[in-house]
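A quick write-up on the structure given underneath.
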Amino acid sequence: MQADSHHIRKRFSQNFLEDQNVIEKIVDIINPQKSDYIIEIGPGKGALTVPIFKSVDKLNVIEIDKDLTKLLKKNIGDKNLIIHEHDALKFDYSNFKHTNLRLIGNLPYRISTPLLFHLLSYKDMIKNMFFMLQKEVVERICAKSGTKEYGRLSVMLQYYCDAELMLIIKPDAFFPSPKVDSAIVKITPLSEAKYELLNDKSFKIIVREAFSQRRKTIRNSLKTFLNETEIKAAGIDTNVRAENLEIKDFVKLSNLYQKKARDN
Ligand code: SAM
């Protein structure tokens, strides 16, 4: 779409993709198929929307900025391009009543982590997600135990999904250019969990608390939830930090906490 008079809104993390080569590469990675049920978050001026809409029968987009939804209607106006003028963070994705959703988007970086957590609650309806995020966030999503990038986001995403870094994108592909590198991540919710979890809420609590003070040992960070004897009984060293635990350890700890909460 042409360089128009759209007033760029920083609060909505508006960095628009301009490099046609990069846009083509991203669309190739997404590989849209005619009957796919695709939802694009933050279509902006349509850099990805236009080529993707050419390949599918129908496309849903969620955009918060009224000026941009107007621009999209003017430039692509078509009954099969369904524009939801809404906040993607508050959107109820179950409205789509579909079980094979494909979510894509060059996400607003400011809300990318809370948005990923919001989307996790719809994981059973989602086939896969291809998002552009800050490269550093993608590295955190894909990080392995024992690295400095490994944290709450890594554990929560990797318990429920497979995640893979697909492409790194330099700031000059956008206008205005962001200050950091970006990357495309492919996130695929798992149809079967890796380890049996008794309760999602307990898992969320234990993972959050364990990483709330990264420097603390598990014995200290989890002391209001589990005592030293209980942690040891699960076969976990109480002197390690959260960053050294594997996903299966977090599952064990949260199942212990869940049983304890249920019995009390
Ligand atoms: N997809 C376009 C592109 O690649 O050029 C725009 C990407 S830009 C990084 C992020 C887009 O998300 C903007 O269009 C912005 O207005 C929109 N946005 C920001 N916050 C949003 C929210 N909470 N819900 C929906 N869209 C949002």
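Nothing in this text is a laboratory measurement; each read-out follows from the coordinates by a stated rule. Values in this document were obtained by computation on a predicted structure and should not be read as measured data. As a convention, Cβ positions derive from the backbone with ideal geometry for all residues, glycine included, and neighbour counts pool all protein chains shown.
The per residue volume of the convex hull around the alpha-carbon atoms of segment 168-248 is 158 Å³. Taking every alpha-carbon pair under 8 Å whose residues sit at least 6 apart, the chain reaches a relative contact order of 15 percent.
Computed over the alpha-carbon pairs of segment 120-200, the distance histogram in 10 Å steps reads 18, 44, 28, 8, 1 percent, short to long. If a paramagnetic tag sat 7 Å from the Cα of Lys248 along the Cα-Cβ line, which residues of segment 149-165 would have the backbone N under 15 Å from that point? Answer for segment 149-165: 159.
Centre-to-centre, using Cα atoms only, segment 159-186 and segment 114-136 are separated by 14 Å. Relative to its Kirkwood radius, the Cα radius of gyration of segment 213-259 gives an Rg/Rh of 0.90. Rounded to the nearest 500, what is the chain's calculated 222 nm mean residue ellipticity when only DSSP H runs of at least 4 contribute -39500 (n - 2.57) each, over all residues? Only helices count here, giving -10500 deg cm²/dmol. Each residue of segment 55-61 was assigned a 3J(HN,Hα) from its phi angle through the Karplus expression (A = 6.51, B = -1.76, C = 1.60, θ = phi - 60°), giving 9, 10, 6, 8, 9, 9, 10 Hz with x at Gly and Pro.
Give me the percent relative contact order of segment 200-263, please, defined on Cα pairs under 8 angstrom at least 6 residues apart. Present the calculation step by step, with values, prior to reporting the outcome.
Working: 56 pairs, mean separation 25.7, N = 64.
It rounds to 40 percent for segment 200-263.
Taking the DSSP beta bridges in the chain as the whole, what percent of them are antiparallel, to the nearest 5?
Approximately 45 percent, going by the DSSP bridge assignments.
Counting charges near Ser55 (Lys, Arg +1; Asp, Glu -1) among other residues having Cβ under 10 Å from its Cβ returns a value of 0. Segment 216-239 and segment 5-31 have Cα centres spaced 45 Å apart. By the compact-protein rule of thumb, 2.2 N^0.38 Å, the alpha-carbon radius of gyration of segment 101-140 corresponds to a ratio of 1.12. Legend: translational diffusion of the chain by Stokes-Einstein, Rh = Kirkwood radius over C-alpha pairs, 37 °C, 0.692 mPa s; D = 165 µm²/s.
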